[in-house]
Amino acid sequence: MRYLGIVLLVMSVAVIAEDVFYCSDEQKGIDEKKFEMHFFEDGNISIMLPGDYKHRIYSCSFPWKEMTHYKKKKSCVNDNHNGYMFNFNPDNGRYVLAKGFEYVLGEDSVSVGSCAKSE
């Protein structure tokens, strides 16, 4: 019985720990990029981009903290320090993903699009 209580506690924390969003680029082309984003209660997010083998954690802050109408917006950087930056507006689902090092290497570096919360 004790183990059942522990299992239920762990499962309840996992259920309320995150919201899942499905995102896609608005740029039209041959390779439409889609990815999954997890929005955690601590304010951080994780993203699994196409070609990744695991979710990558992004530490987020709230831009313009003194302006209350920006309070829910996210400005995030990848914890791997790879130059990836992600800005997200949960009110309209729009995002910008910038990949700093890819620009330096001559590859596509900015993606814009929108995310929808899974039901």
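The values are calculated or read from the model by the stated rules, or taken from the named source; none is laboratory data. All figures in this text were calculated on a predicted structure; none of them were measured in a lab. Note that each Cβ is placed from the backbone with ideal geometry, even for glycine, and that neighbours are counted across all protein chains shown.
Things worth noting here:
- Residue match in segment 68-87 (condition: loosely packed, with under 11 Cβ neighbours inside 10 Å, assigned to a loop (DSSP other than H, G, I, E, B) and at pLDDT 90 or above): no
- Residue list for segment 91-116, restricted to those being part of a loop (DSSP other than H, G, I, E, B) and of a type in the set (S, T, N, Q): Asn92, Ser109
- Flag not set for Ser24, criterion: at pLDDT below 90 and not charged (D, E, K, R).
- Residue match in segment 48-63 (condition: under 16 Å from Val110 (Cα atoms), within 10 Å of the chain's Cα centre (by Cα) and at pLDDT 90 or above): no
- Screening segment 90-119 for residues that are of a type in the set (S, T, N, Q) and at pLDDT below 90 and picking the one that is surrounded by the fewest Cβ atoms within 10 Å (Cβ to Cβ) gives Ser118.
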